[in-house]
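Have a look at the structure below before the remarks.
Coordinate-derived values only; no laboratory data. Just so it is clear, the model here is predicted, and its values are computed rather than measured. Using ideal geometry, Cβ is built from the backbone for each residue, glycine included, and neighbour counts are taken over all protein chains shown.
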């Protein structure tokens, strides 16, 4: 576990990623925020957060993309660009790997399940909560 | 075999205010923030180092789960401090206590030695109490 001081420095890098996930980010730019060498930063970041900076960045981008695909009317290419990817092919493959389906299929499936346009369907949250707050039994 | 807990609920008086508290004072990150089926807001936060544990910040509102009277009762109980948000762990209770106090977090007990470690107790901005614990074997 990182010490409090080291944790603060790591958080500065993590916040930097979260604030700039839509921009091209290099490891040195990120590690610089923690005053560490690239190698040392990678190791400590993974030890502390359980994921590499790149895994964290991908997670943020994919979560943001999922949100945009459901709640906005952007094309998949626009979503791809807005979350920081320049190649639609790379974005689609990555999305497929992380979510289990292509962006267009994800959008189509969730829109079909939702009773209201640009809203997540109840199936997007754990069923016990959907039942608790919305009285919806999801299948 | 159950392996871990993924979501737990904290009832709050106002989701925007609670988000501000958990994000900007406690330093948590937003997990999900999305509109589900109408106006239901699914809002979760998690400690930076533990995205596997999502705290669901939920407002007790009149709806499928609560009648108007029940929602009001729960809101009043939250304000009275009848509910606990849980135990958050830190690697340095004294330091975290000082940092949070400087940010305006209200403490009801300063760091105190207990059988299991050093513990401080605080309130969130809804009135839920929580403990901040430094386990004796974490150093």
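Give the order of B:80, A:78 when sorted by the count of other beta carbons within 10 angstrom, beginning with the fewest.
Numbers: B:80 9, A:78 12.
Lowest to highest Cβ neighbour count: B:80, A:78.
Using just the helices of chain B, give the 222 nm mean residue ellipticity in deg cm²/dmol: DSSP H runs with n ≥ 4 each add -39,500 (n - 2.57), and the total is spread over all residues, rounded to 500.
Mean residue ellipticity, 222 nm, calculated: -6000 deg cm²/dmol.
Hey, for a label at residue A:115 modelled as a point 7 Å past Cα toward Cβ, could you say which residues of segment B:56-81 have their backbone N under 19 Å away?
B:61-68
Among B:115, A:94, which comes first, then next, by fewest other beta-carbon atoms within 10 Å?
Ordered by Cβ neighbours within 10 Å, fewest first: B:115, A:94.
Looking only at other chains, what is the average number of their beta-carbon atoms within 10 angstrom of each beta-carbon in B:35-45? Show your work: numbers first, answer last.
On the way: counts 7, 15, 15, 5, 2, 9, 1, 9, 0, 2, 0.
For this peptide, the per-residue mean of nearby foreign Cβ atoms is 6.
Counting only DSSP beta bridges with both residues in chain B, tell me the antiparallel percent, nearest 5. Write down the numbers at each step before the final one.
Working: 21 of 32 bridges.
That works out to approximately 65 percent antiparallel.
Report, for the protein assembly as shown, the % of DSSP beta bridges that are antiparallel, rounded to 5.
Rounded to the nearest five, the antiparallel share is 65 percent.
Can you figure out the FRET efficiency of residue A:59 with residue B:106, using R₀ = 45 Å and their beta-carbon distance, to the nearest 0.05?
Values: r = 33 Å, r/R0 = 0.73.
Between residue A:59 and residue B:106 the formula returns 0.85.
Please work out the FRET efficiency for the pair residue B:80 and residue A:4, using the Cβ-Cβ distance as r and a Förster radius of 35 Å; give the result to the nearest 0.05.
Computed FRET efficiency for residue B:80 and residue A:4: 0.55.
Listed highest first by mean packing, meaning other Cβ atoms within 10 Å per residue, what order do A:16-29, A:122-135 come in? Please report the intermediate quantities before stating the final value.
Working: A:16-29: 13.5, A:122-135: 17.9.
Answer by packing, highest mean first, reads A:122-135, A:16-29.
For chain B, take the longest principal axis of its alpha carbons; what is the angle in degrees between that and the long axis of helix B:68-80, to the nearest 10 within 0 to 90?
Taking the Cα atoms of chain B, the angle to B:68-80 is about 20 degrees.
Can you give the mean number of other chain Cβ atoms that lie within 10 Å of the Cβ atoms in peptide A:6-18?
Working: counts 1, 6, 3, 0, 2, 4, 0, 0, 3, 3, 0, 0, 3.
For peptide A:6-18, the averaged partner shielding equals 2.
Per residue of B:12-21, count partner chain C-beta atoms within 10 Å of its C-beta, then hand back the mean as an integer. Numbers along the way, then the final one.
On the way: counts 0, 0, 0, 0, 0, 0, 0, 0, 0, 0.
Per residue, the average neighbour count from other chains is 0.
Convert 10 °C to kelvin, take the viscosity as 1.306 mPa s, use the Kirkwood radius over C-alpha pairs of segment B:1-68 as Rh, and evaluate the Stokes-Einstein diffusion coefficient in µm²/s, rounded to a whole number. Let's see the in-between values first.
Numbers: Rh = 12.8 Å.
The diffusion coefficient I find is 124 µm²/s.
Hey, if you drop one equal point scatterer on each alpha-carbon of the protein assembly as shown and run the Debye formula without solvent, what base-10 log of I(q)/I(0) do you get at q = 0.08, 0.11, 0.12, 0.16 Å⁻¹?
-0.39, -0.75, -0.89, -1.37
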